[in-house]
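These notes concern the structure reproduced below.
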Amino acid sequence: MSTINGVSNSSGGPQPRNATGNSSLGKEDFLILLVAQLQNQDPLNPSDPTEFTAQLAQYSSLEQLMTVNQNIENMAAAAQSQQQLSALGLIGREVIVDRSDFQLGDGDVALGYSLDARADRVELHVQDSRGRSVAIIRPTELSAGTHFVSWDGTDNNGLPLPSGNYKLSVLALDSRDEGIPNQALLKSVVTGVDLEGDKSILVTGCGNYSLNSVRSIREL
C-alpha cells in the first residue's frame, strides 16, 4: 500500500481568525465562513438562495445579540461605579442596618428593633460569639414601629464585657405570650467605605455592613 505525504489544504479562501484553538466563533468569523462558502460553491449547482438568506439572517441575529450583550455589560459596569460613588457619599452619615451581628468597642452601641404590632413585652438579648446570652435589655417602647436603646456594653451584673463580636436577638410577645414578628436593627455612623470587587462595604462604629443591608440614612 502506498503512502501519501504532504497533503495540505488547497483552498485559497479566507480562514477564520480563531480556528486555532478557540472553539468560539464571533460575528467576523461567521462572515468569513459565509464568504468562503460563496467563493467555493459549485457554479453549476449554486447555493439555494433561501438557505443563503437564512444564513444572512443568522448573522444579523448574532450581531444584534452580541451588541445587546455588550450594552448590558456596559450598563452593569456603570451601575457598579454609581453604587460605589453613592457609598462614598455616606461617610459621616448615620445609617440603620437590618443586621443582628455587631462589634463591641469602647463606646455605647445603639441596639434597635422593629415591631409589626404592639407588644406586651420586649427583651433584647445580647449573645457572645458562643451563642451565650450575656446581657438582657428590657426596653419600655412597646408600640409598633422602630425603636432604639443605647447599650453601654455591660452584662446583667453591670460589669463591662470585653470587646469583640456579638449578636442581637429580639424577643417580642403579646398579652397571650405569642410571638410578634420583629426585626433586629443596628444604628451607627459610617466612618469609611471598602470597595471590594463589585461590592461596597460600609465601615461603621459597630461593624462592617454591605450597602444592601442599609435600611435608612440620616444626616447628623
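If we keep just the residues of the range 195-210 that are small (Gly, Ala, Ser) and under 17 Å from the mean Cα position of the chain (by Cα), which is modelled with the highest pLDDT? Can you show your working first?
So the first thing to find is which residues in the range 195-210 are small (Gly, Ala, Ser), and the list is 197, 200, 205, 207, 210.
Checking the rest, the ones that are also under 17 Å from the mean Cα position of the chain (by Cα) come to 197, 200, 210.
On the way: 197: 68, 200: 84, 210: 90.
Among them, the one singled out is 210.
Against the list (1) under 22 Å from residue 107 (Cβ atoms); (2) modelled with pLDDT of 95 or more; (3) in contact with a Phe, Trp or Tyr (Cβ under 8 Å, 6 or more places away or on another chain), the condition residue 183 fails is (1). Beta carbons closer than 7 Å, at least 6 apart along the sequence or on distinct chains, never pair a first residue in the range 97-114 that is on the phi > 0 side of the Ramachandran plot with a second that is in a strand (DSSP E or B). Residues in the range 110-132 that are under 24 Å from residue 175 (Cα atoms), of a type outside the set (A, V, I, L, M, F, W, C) and not in a loop (DSSP other than H, G, I, E, B) were compared, and the one that is farthest from the chain's Cα centre (by Cα) is 121. Comparison of 203, 190 shows that the only residue that is surrounded by fewer than 16 Cβ atoms within 10 Å (Cβ to Cβ), at negative phi and in contact with a Gly (Cβ under 7 Å, 6 or more places away or on another chain) is 203.
Among the residues of the range 102-115 satisfying the criterion of being touching a strand residue (DSSP E or B) at 6+ places or on another chain (Cβ under 7 Å) and surrounded by fewer than 17 Cβ atoms within 10 Å (Cβ to Cβ), which is farthest from residue 218 (Cα to Cα)?
Keep residues of the range 102-115 that are touching a strand residue (DSSP E or B) at 6+ places or on another chain (Cβ under 7 Å), which gives 102-104, 108-115.
The next check asks that each one be surrounded by fewer than 17 Cβ atoms within 10 Å (Cβ to Cβ); those that pass are 103, 108.
Values: 103: 21, 108: 19 Å.
Taking the candidates together, the pick is 103.
Among the residues of the range 130-137, are any touching a His at 6+ places or on another chain (Cβ under 6 Å) and hydrophobic (A, V, I, L, M, F, W, C)? Full working, then the answer.
Narrowing the range 130-137 to residues touching a His at 6+ places or on another chain (Cβ under 6 Å): 133, 136.
Now narrow it down to the ones that are hydrophobic (A, V, I, L, M, F, W, C): 136.
Yes.
The values are calculated or read from the model by the stated rules, or taken from the named source; none is laboratory data. This is a predicted model, so every value here is computed, not measured. A quick note on method: Cβ atoms are made from the backbone with ideal geometry, for glycine too, and the neighbour counts reach across all protein chains shown.
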